[in-house]
Ligand SMILES: [Zn+2]
């Protein structure tokens, strides 16, 4: 949408659901209906496309709606689908991303991922691969809309390997709106046959959609000659890995000693010349 703008915002969700309910207590070979794990994010994206299309002429950004296949077929509980890993679709997409935009003229502002956004008692976590300034702004936006339960001030902290990670690694500020799906009495249906429509909350879908919608207006809808949002979002500063730190620790003293020796040597030469 809005292909004439050079700044690009990506909205993503996966639409596949798991072929086997590997965490089901009984039906481990049955497919997961995937009402939340897959369909909820896709549903919000489709609704956002309708809503944003009506206001596209007032939005100063190009928007991509990406629906990923093959996110959810890896191994868990020692079961999986032979030969499949997690996130096959998004990894492949980012490998080919240069085919879809003109890197000399266009620029990615951010990527927002929605995953499992439709369960009852929705409560988002602080996902640690996400770009912190971007995820913080989504939380602030949600809280300003009154969704303080869904965007808590003390969220659970965890790192989730999800479809945003290839985009983070490509250098695009990215955020994953996702819940606690591993130990959650409010939504205990992850990768079971119970992940069906009876456990979907219309209100949770609405909270997610309205928050992303408002986030987009804050950053790309000009009101009173100004924008309300935090754009642009910076990449998180990453500490160098431990191998690099070790190398620096070894070489810094060597360089220091060598410099001191060089200074002493030049002083001695001067002294000798003056004598
Ligand atoms: Zn899943």
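Values quoted throughout were computed directly from the atomic coordinates according to the rules given, and no laboratory measurement underlies them. Model, not experiment: these values are computed from the prediction. Neighbour counts are summed over all protein chains in view; Cβ atoms, including those assigned to glycine, are modelled from backbone coordinates with ideal geometry.
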Pair list, Cβ < 9 Å and 6+ apart or interchain, from region 104-117 residues that are within 13 Å of residue 231 (Cα to Cα) to residues that are within 16 Å of the ligand (Cβ to nearest atom) and in a strand (DSSP E or B): 111/12
Failed item in (1) within 29 Å of residue 75 (Cβ to Cβ); (2) away from the ligand (no atom under 16 Å from the Cβ); (3) touching a strand residue (DSSP E or B) at 6+ places or on another chain (Cβ under 9 Å), with residue 138 passing the rest: (1)
Test: residue in region 57-74 that is assigned to a helix (DSSP H, G or I), farther than 30 Å from residue 149 by Cβ and away from the ligand (no atom under 12 Å from the Cβ): yes
Test: residue in region 183-192 that is more than 14 Å from the ligand (Cβ to nearest atom) and touching a helix residue (DSSP H, G or I) at 6+ places or on another chain (Cβ under 7 Å): no
Residue count, region 21-39 (criterion: closer than 24 Å to residue 91 by Cβ and either away from the ligand (no atom under 16 Å from the Cβ) or surrounded by fewer than 19 Cβ atoms within 10 Å (Cβ to Cβ) (or both)): 1
Any hit, region 203-220, residues being in a loop (DSSP other than H, G, I, E, B), away from the ligand (no atom under 16 Å from the Cβ) and surrounded by 12 or more Cβ atoms within 10 Å (Cβ to Cβ): no
All positions within region 156-173 that are surrounded by fewer than 16 Cβ atoms within 10 Å (Cβ to Cβ) and not in a helix (DSSP H, G or I): 156, 157, 158, 159, 161, 171
Close pairs from region 122-146: first free of Cβ contacts under 8 Å to residues at least 40 places away in the same chain, partner not in a strand (DSSP E or B), Cβ under 6 Å, at least 6 apart: 126/155; 128/159; 139/151; 143/151
